[in-house]
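Here the structure is laid out as structure tokens; the discussion comes afterwards.
The values are calculated or read from the model by the stated rules, or taken from the named source; none is laboratory data. Bear in mind that the values here come from a model prediction, so they are computed numbers and not experimental data. Cβ placement follows ideal geometry from the backbone for every residue including glycine, while neighbour counts extend to all protein chains displayed.
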Amino acid sequence: MKRYIYNYQTITTFSKPIDMHSFLLRCQPAINERQKIENEHVIISPDYWTESGVDAFGNKIIFGGTTKPQNTFAYVSTGLVNIKDEATEQDEKNLHIYTLQSRLTWLNEDMIDLARSLEHFHLDMAEHICSLVHEMLHYVPNTTNVDTPAWEVLQKKRGVCQDFAHLMIALCRAKGIPARYVNGFLTGTGQTHAWVEVFDGKNWLGYDPTHNCDTRQGYVKLSHGRDYADCPVCRGIFRGNVLQQTLINVTLHEL
Amino acid sequence: MKVRIKELTESRDTVNKWMERYGVRFGVYKNNVFKEQLFPFDPIPRIISHEDWSYLEKGLKQRVITLNKFLWDIYHEKNIIKDGIVPEEFVYSSKGYMPECEGINPQDGIYSHISGIDLVEGKDGQWYVLEDNLRIPSGASYPMIARQITRRVSPATFQEGDVAENRNYADMLQGMMDEMNAGRGISVILTPGRYNSAFFEHSYLAEKTGATLAYPGDLFVENSTVYYTGLYKERVRVGCIYRRVSDEYMDPMVFEASSMLGIPNVMQAYRAGNVALINAIGNGVADDKGIYYFVPKMVEYYLGEKPILQNAPTYLPFFKDDYEYVLNNIEKLVIKDVSEAGGYGVVFGKDLPTDKLNELKALIVDQPRRWIAQEVIDFKDLGILEGEECVERKADLRAFVISGKETKVWKSGLTRFSRNPDSFVVNSSQGGGFKDTWVMEK
């Protein structure tokens, strides 16, 4: 077992006051067979009502809003988490939804061809797909956005961790392997990270196609879903035509 | 009973003129241009005998009670899948299945509070269900207002006759909303706004039920409770939302992130049981054209009863026997694209030239799950007045079933007809007209 201290903070400033702001956050480490929370705190801008709950995918959520105009929105999530490196999640609830392609993983002809070309016998197909995606794509920030589907990533051959994850998920599902998208923290990165979990019939196993490795060491999971759209760290909406700037800082250290 | 058809037909123009003044319109988008059309009213009513109605009423109740049980099961235990009655592919690949609704407990287990069941009567007098509409079935306002005007034009017809009253729809709706209301808040009808195809209906039903007509932006969530804020910035607790906004636009925090039509965090208020959503979110999984095939099996599964209403004979190419049958008989079948709605994805094999038929066959071979095929039913035609002449046209019937503490069938319905003599497609979005539906009390 290892102990990690994490700190996630974000502050968004608006050029003019915004009205009727609502938000929904998935910024706390998940609780499961691998992860245990020793201590946690979430601090959110004053003036907001907040409540917490669990979404339909089993993720912890904090949601809220305000009717008072705001110039900034800030929140901090910090705490201590214990991780059993060798343990796996075994939850089979809603397994079916991770077997079908979702909005950001739809296959186009190129992807179907690519999936078909993977007919060779591989002892571990998921691991094979993980390294294939890692080799095919170049990590280049700002070439894609949060709505970029996997087929477009394959066309561009570049993207960020989210795109690597979507392509791997799409190919796993095409080969009949249930796969889900995971958001979380990774030691030494300074931002949130995304990776993939595949179901081997009994366990959810984590793979990081961005770094071509498994996720036993140094990964703290926040949330999962069919793809990015199910489990972003933060969603918000407000009234007002403003410019906004967001600063995010993430630290994760093994103790 | 003496039906004064002559008096009614003579009054046709008067009725249509009144309807125009009342703004009884139907908005359509064609090539991205919004146009408002009048929904032409035909004065000859469809008359349903007392005997036929008793049969339909029993069958409709049974079907809707079943569909509500199915929806609960799908978003909870999923026994019907585990027991092999409905294959999981049909459930989870349905666009209407919303995993975000897993585990939500709508009050009294009711998902489809307002159900619009589309039926046709065959030439042999047998009724068939063509489609279940459990998301936001529209159309009840048209027979309501048509009756209201016709009564004014020809009061004697209704004084002497045994035509069942249909102006109680608003009371049924209001009663159901009161029963579902969480936390004694007000009831609202949430409209996307005046450019919605059914805006007339939204405002009319609000007026008739006494519910507040709410526009996007009038509702907000605080502490998992929904409030209405109006002109004077007042803040009123909302207990029931009859929403005429589609599922995917209802909450930008959970569904379509850019939606300006929804209520941020309403899903959390809903999950907490602090507000009722009429109809529930996620109902599309039960009115999917592919799921339709299984409804008679569901009746037996959930109620242990024989289904009273019949489906049109339907084939799923997904199953091997049906696959062969469909490919061999495609020229006499009607083929429906499961992923489409609104009458655009329906083709008749007999209308297609050979090359198009072969294209369609290739599509079916490629994605069998995407299609259903049905025998073409020989509808009983209804007489409509075209100029001064009575001509026969295809027509269907949308029956409305209201489910609150009890499940009740409205003794009327929307009879839509095709104005094109060769067409079987009666959707209002395809330019048809409508009739009043008279249910006889004796």
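Test residue A:63 against the criterion of being more than 9 Å from chain B (Cβ to nearest Cβ), touching a strand residue (DSSP E or B) at 6+ places or on another chain (Cβ under 6 Å) and either on the phi > 0 side of the Ramachandran plot or buried (at least 22 other Cβ atoms within 10 Å of the Cβ) (or both), and give yes or no. Before you say what the answer is, go through the steps one by one.
Details: more than 9 Å from chain B (Cβ to nearest Cβ): no; touching a strand residue (DSSP E or B) at 6+ places or on another chain (Cβ under 6 Å): yes; either on the phi > 0 side of the Ramachandran plot or buried (at least 22 other Cβ atoms within 10 Å of the Cβ) (or both): yes.
So residue A:63 does not fit the description; no.
Applying the condition of being assigned to a helix (DSSP H, G or I) and among the hydrophobic types (A, V, I, L, M, F, W, C) to region B:152-176 and asking which residue is nearest to residue B:20 (Cα to Cα) yields B:153. Of all the numbered requirements in (1) in contact (Cβ under 8 Å) with a residue 60 or more places away in the chain; (2) more than 22 Å from residue B:112 (Cα to Cα), residue B:409 misses one, and that requirement is (2).
Table: residues versus (1) within 14 Å of chain B (Cβ to nearest Cβ); (2) buried (at least 24 other Cβ atoms within 10 Å of the Cβ).
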{"position": "A:153", "(1), (2)": "no, yes"}
{"position": "A:167", "(1), (2)": "no, yes"}
{"position": "A:180", "(1), (2)": "yes, yes"}
{"position": "A:211", "(1), (2)": "no, no"}
{"position": "A:230", "(1), (2)": "yes, yes"}
{"position": "A:236", "(1), (2)": "yes, no"}
{"position": "A:239", "(1), (2)": "yes, no"}
{"position": "A:249", "(1), (2)": "no, no"}
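Residue count for region B:248-273, restricted to those that are at the interface with another protein chain (Cβ under 9 Å from one of its Cβ atoms) and under 11 Å from residue B:225 (Cβ atoms): 3. Inspect all residues belonging to region B:245-253 and state whether any of them is surrounded by fewer than 20 Cβ atoms within 10 Å (Cβ to Cβ) and more than 24 Å from the chain's Cα centre (by Cα). Checking region B:245-253: not a single residue is surrounded by fewer than 20 Cβ atoms within 10 Å (Cβ to Cβ) and more than 24 Å from the chain's Cα centre (by Cα).
Pairs meeting the criteria (first residue in region A:206-223 and closer than 12 Å to residue A:134 by Cβ, second residue part of a loop (DSSP other than H, G, I, E, B), beta carbons under 6 Å, at least 6 apart or on different chains) are A:208/A:215. For residue A:16, state whether it is more than 14 Å from chain B (Cβ to nearest Cβ), among the basic types (Lys, Arg), surrounded by fewer than 19 Cβ atoms within 10 Å (Cβ to Cβ) and out of contact with any strand residue (DSSP E or B) (no Cβ under 6 Å at 6 or more places or on another chain). It is true that residue A:16 is more than 14 Å from chain B (Cβ to nearest Cβ), among the basic types (Lys, Arg), surrounded by fewer than 19 Cβ atoms within 10 Å (Cβ to Cβ) and out of contact with any strand residue (DSSP E or B) (no Cβ under 6 Å at 6 or more places or on another chain).
Of the residues that sit in region A:95-139 and are in a loop (DSSP other than H, G, I, E, B) and touching a residue at least 12 places away in the same chain (Cβ under 8 Å), which one is nearest to the other protein chains (Cβ to nearest Cβ)?
Applying the first criterion (in a loop (DSSP other than H, G, I, E, B)) to region A:95-139 yields A:99-102, A:106-108, A:120-124, A:137.
Remaining after also requiring touching a residue at least 12 places away in the same chain (Cβ under 8 Å): A:99-102, A:106-108, A:137.
Details: A:99: 8, A:100: 6, A:101: 9, A:102: 9, A:106: 12, A:107: 12, A:108: 15, A:137: 25 Å.
Residue satisfying both the conditions and the ranking: A:100.
Within region A:216-241, the set of residues being modelled with pLDDT of 95 or more and assigned to a loop (DSSP other than H, G, I, E, B) comprises A:226, A:227, A:231, A:232, A:233. Find the residue count for region A:105-124, including only residues that are more than 11 Å from residue A:151 (Cβ to Cβ) and either under 22 Å from the mean Cα position of the chain (by Cα) or not aliphatic (A, V, I, L, M) (or both). Of the residues in that region, 8 qualify.
No other residue among A:55, A:47 is among the acidic types (Asp, Glu), outside the structural domain of residue A:180 (by TED's automatic domain parsing) and either surrounded by fewer than 18 Cβ atoms within 10 Å (Cβ to Cβ) or over 23 Å from residue B:270 (Cα atoms) (or both) apart from A:47.
Residue-wise test of (1) part of a strand (DSSP E or B); (2) more than 30 Å from residue B:200 (Cα to Cα).
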position: B:35; (1), (2): yes, no
position: B:42; (1), (2): yes, no
position: B:70; (1), (2): no, yes
position: B:77; (1), (2): no, yes
position: B:80; (1), (2): no, yes
position: B:95; (1), (2): no, no
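Within region A:126-151, the set of residues being in contact with a helix residue (DSSP H, G or I) (Cβ under 9 Å, 6 or more places away or on another chain), farther than 19 Å from residue A:230 by Cβ and surrounded by 15 or more Cβ atoms within 10 Å (Cβ to Cβ) comprises A:126, A:128, A:129, A:130, A:132, A:133, A:134, A:136, A:137, A:143. For region A:69-94, taking the residues that are modelled with pLDDT of 95 or more and within 14 Å of chain B (Cβ to nearest Cβ), the one that is farthest from residue B:222 (Cα to Cα) is identified as A:73.
Within the group B:340, B:359, which residue is over 30 Å from residue B:6 (Cβ atoms) and either under 20 Å from the mean Cα position of the chain (by Cα) or at pLDDT 90 or above (or both)?
Values: B:359 fails: either under 20 Å from the mean Cα position of the chain (by Cα) or at pLDDT 90 or above (or both).
The unique qualifying residue is B:340.
From the list B:221, B:236, B:188, B:163, which residue is touching a helix residue (DSSP H, G or I) at 6+ places or on another chain (Cβ under 9 Å), over 30 Å from residue B:149 (Cα atoms) and assigned by TED's automatic domain parsing to the domain that holds residue B:404? Let's see the steps before the verdict.
Details: B:236 fails: touching a helix residue (DSSP H, G or I) at 6+ places or on another chain (Cβ under 9 Å); B:188 fails: over 30 Å from residue B:149 (Cα atoms); B:163 fails: over 30 Å from residue B:149 (Cα atoms).
Exactly one of B:221, B:236, B:188, B:163 is touching a helix residue (DSSP H, G or I) at 6+ places or on another chain (Cβ under 9 Å), over 30 Å from residue B:149 (Cα atoms) and assigned by TED's automatic domain parsing to the domain that holds residue B:404, namely B:221.
Here is a list: B:136, B:85, B:149. Which entry is of a type in the set (Val, Ile, Thr) and part of a helix (DSSP H, G or I)? Before you say what the answer is, go through the steps one by one.
Details: B:136 fails: part of a helix (DSSP H, G or I); B:85 fails: part of a helix (DSSP H, G or I).
Sole residue among the options that is of a type in the set (Val, Ile, Thr) and part of a helix (DSSP H, G or I): B:149.
State all residues of region B:84-102 that are within 13 Å of chain A (Cβ to nearest Cβ) and without any contact (Cβ under 8 Å) to a residue 40 or more places away in the chain; if no residue qualifies, say none. The answer is B:88, B:92, B:99, B:102. If the condition is being away from every other protein chain (no Cβ under 14 Å), in a strand (DSSP E or B) and crowded, with 22+ Cβ neighbours inside 10 Å, then region B:193-242 contributes B:214, B:238, B:240, B:241, B:242.
Filtering region A:19-31 to residues that are surrounded by 17 or more Cβ atoms within 10 Å (Cβ to Cβ) and either part of a loop (DSSP other than H, G, I, E, B) or not hydroxyl-bearing (Ser, Thr, Tyr) (or both) leaves A:20, A:21, A:23, A:24, A:25, A:26, A:27, A:28, A:29, A:30. Within region B:46-58, identify whether any single residue is more than 28 Å from residue B:241 (Cβ to Cβ) and either within 14 Å of chain A (Cβ to nearest Cβ) or of a type in the set (Gly, Ala, Ser) (or both), and answer yes or no. Yes, region B:46-58 contains at least one residue that is more than 28 Å from residue B:241 (Cβ to Cβ) and either within 14 Å of chain A (Cβ to nearest Cβ) or of a type in the set (Gly, Ala, Ser) (or both). The numbered conditions (1) crowded, with 21+ Cβ neighbours inside 10 Å; (2) without any contact (Cβ under 8 Å) to a residue 24 or more places away in the chain are all true for residue B:36 except (1). Among the residues here, residue A:164 does not qualify as at negative phi and in a strand (DSSP E or B).
Of all the numbered requirements in (1) part of a loop (DSSP other than H, G, I, E, B); (2) within 10 Å of chain B (Cβ to nearest Cβ); (3) among the charged types (D, E, K, R), residue A:47 misses one, and that requirement is (2).
The numbered conditions (1) assigned by TED's automatic domain parsing to the domain that holds residue A:176; (2) surrounded by fewer than 14 Cβ atoms within 10 Å (Cβ to Cβ); (3) under 18 Å from the mean Cα position of the chain (by Cα) are all true for residue A:102 except (2).
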